[in-house]
Amino acid sequence: MHCLDKKNHLVSNDKLRMTQQRRVILEELRKENTHPTADQLYETVRKRLPHVSLGTIYRNLELLTTIGEIQTLEIAGSQKRYDGVAQQHYHVRCVYCGRIDDAPIAPLNRLEDKLYGTTVYTIMGHRLEFLGLCPECSQNEEAVRFAEHLLAHPNGPN
Ligand SMILES: [Zn+2]
Ligand SMILES: [Zn+2]
């Protein structure tokens, strides 16, 4: 036990701080499953670590993604979002305000099999996103018109 304490003291302050920052970032990301942007997470983490920088948030999110603790969600035409749940799952996204929730269905593990032999590609995985309107935007006529137009013309401008 004493040895361990001595060892811990040898770790540089910088390294210790990084570890603590990473832990707080992960905790805040996992606290609520809102799939925040780095900016949104920065605002939350700052309440606990007032001196944290946005750059530190980005660096840690990148590292946590690399080691498989979290997922980075790439969404066409908008900021990256981060997901504290590392296991494969699908999302439902509000096309009007950008809210993202987990879609309550199990991963379709056999989807790749359906493509077997039909393409020159070796299929290694898939991504699936459901699009719609969140409860709030469903009440908004403009949002409903926007979504209807968007989803009727998925390849059109906007
Ligand atoms: Zn919405
Ligand atoms: Zn998710």
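No lab work stands behind these numbers, since they all come straight from the coordinates. Since the structure is predicted, the reported quantities are computational estimates derived from the model, not experimental observations. We place every Cβ from the backbone using ideal geometry, glycine too, and count neighbours over all the protein chains shown.
Couple of notes before you dig in:
- Cβ-to-Cβ counts within 10 Å put PHE130, PHE146 in ascending order as PHE130, PHE146, the fewest first.
- Both radii are taken from the alpha-carbon atoms of segment 88-158; with Rh as the Kirkwood radius, Rg/Rh is 1.09.
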